[in-house]
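Peer 1: Submitted below is the structure of interest, expressed as structure tokens.
Each reported figure results from applying straightforward, stated rules to the coordinates on display, with no laboratory input. Bear in mind the structure is a predicted one, so any value in this text is a computation, not a measurement. Ideal geometry is used to build each Cβ from the backbone, glycine not excepted, and the neighbour counts take in all protein chains shown.
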Amino acid sequence: MSKNNKPFEIILFGPPASGKGTQAKLLADTFTIPHISTGHLLREIKADSDNHLAKQIADLIDNGRLVSDELVNQMVSERIKKDDCQVGYILDGFPRTEEQVKFLDGISNIDYVFLIEIKDEVIIERISGRRTCKNGHSWHIKYSPTKVDGICDVCSEALYVRDDDTPEKIKDRLEIYHKNNDPILNYYQEQNKLIKVNGDQHIEKVFQDTIKYLVDDLRSKINL
Ligand SMILES: [Zn+2]
């Protein structure tokens, strides 16, 4: 398989509530490279009857089955061969297993692996502070509080915590996140490709830090 050298082959990692999707979109817009989220890609292919993987993926998803490494690998490999990936791409949600890491090594030259780093306690605070009303208006007890505690500013309905947002559920999600991602992050760390960005700051600042790293790195490559 041919591996062309592209300047922006990027992977983005981040725990739940790290704003990973937002950062991926900002980066994609800045460098005019596609943001390839495996979640979106699965739904896109499933809906595209011309795609030869559509039926296979629809069968799995509709039956609540897991999509195999092999299938995800094939899907990503076909996606990054498209014309819009000539300068690079941002992978989000991939690689997720060591099999996927190995496969990606064979088809790409990953330049940067960014991790939006946030302490578990901060994530728990971010998620467990979320409040919503029955009409779906969203608030946060610290970051976007309502005027009256427990009452929605928009519709005056009572606010509640969603089942998934309780500290116990968040801890479960974080445990799974670490179990799956830490070995992969260690691997990229050993390859000197891992760049940790402080995610416990404003979205705009997280983005600026990421861009600064990329610009400085590109400058140093040009000056070599
Ligand atoms: Zn409301």
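Peer 1: How big is the gap, in Å, between the Cα center of region 119-185 and the Cα center of region 189-224?
Peer 2: Here the two parts' Cα centres lie 28 Å apart.
Peer 1: Counting other beta carbons within 10 Å of each residue's own, what order do Ser77, Ser128 fall into, fewest first? All intermediate terms of the calculation are to be shown ahead of the outcome.
Peer 2: On the way: Ser77 15, Ser128 19.
Least crowded to most crowded, the residues run Ser77, Ser128.
Peer 1: Moving to a separate point now. Given the options Leu91, Leu159, Leu41, which has the most mean-square fluctuation in a GNM of the chain, springs set between C-alpha atoms less than 10 angstrom apart?
Peer 2: Comparing Leu91, Leu159, Leu41 in the GNM, the peak value goes to Leu159.
Peer 1: Subtract the Cα-Cα distance of Ile222 and Ser138 from 0.36 nm times their separation in residues, and report this length gain in nm to one decimal.
Peer 2: Numbers: separation 84, 0.36 × 84 = 30.24 nm, distance 4.61 nm.
Residue separation times 0.36 nm, minus the Cα-Cα distance, leaves 25.6 nm.
Peer 1: What order do you get for 143-155, 115-127 when each peptide is scored by the mean count of other beta carbon atoms within 10 Å, highest first? Please report the intermediate quantities before stating the final value.
Peer 2: On the way: 143-155: 12.5, 115-127: 17.9.
Going by the mean number of other Cβ atoms within 10 Å, highest first, we get 115-127, 143-155.
Peer 1: Also: Round to the nearest 10 and give me the degree value, 0 to 90, for the angle of helix 69-79's Cα axis relative to the longest principal axis of the chain.
Peer 2: 70
Peer 1: If you take the Cα atoms of region 30-98, find Rg, then find the Kirkwood Rh from the mean of 1/r over all pairs, what is Rg/Rh?
Peer 2: Details: Rg = 12.3 Å, Rh = 12.7 Å.
We get a ratio of 0.97 for region 30-98.
Peer 1: Let me ask something additional. Near the amide H of Tyr89, under 5 Å away, which other amide H atoms are found, from residues 5 or more places off or on another chain, if H is placed in the peptide plane?
Peer 2: Here Phe8, Glu9, Ile10 satisfy the definition.
Peer 1: So what is the relative contact order of the chain, in percent, for Cα pairs below 8 Å that sit 6 or more residues apart?
Peer 2: 27
Peer 1: Once the mean 1/r over all distinct Cα pairs of the chain is inverted, what Kirkwood radius in angstroms do you read off? Don't skip to the answer; put the middle values down first.
Peer 2: Working: mean 1/r = 0.0514 Å⁻¹.
Result for the chain stands at 19.5 Å.
Peer 1: Could I ask something else about it? Round to the nearest 10 and give me the degree value, 0 to 90, for the angle of helix 20-31's Cα axis relative to the longest principal axis of the chain.
Peer 2: In the chain, helix 20-31 runs at an angle near 50 degrees to the longest axis.
Peer 1: Mind pulling the angle between the C-alpha long axis of helix 203-223 and the longest principal axis of the chain? Nearest 10 degrees, somewhere in 0 to 90.
Peer 2: Once rounded, the angle reads 20 degrees.
Peer 1: Further question on the same structure: In deg cm²/dmol, rounded to 500, what helix-only [θ] at 222 nm does the chain give when every DSSP H run of at least 4 residues adds -39500 (n - 2.57) and the total is split over its residues?
Peer 2: -15000 deg cm²/dmol
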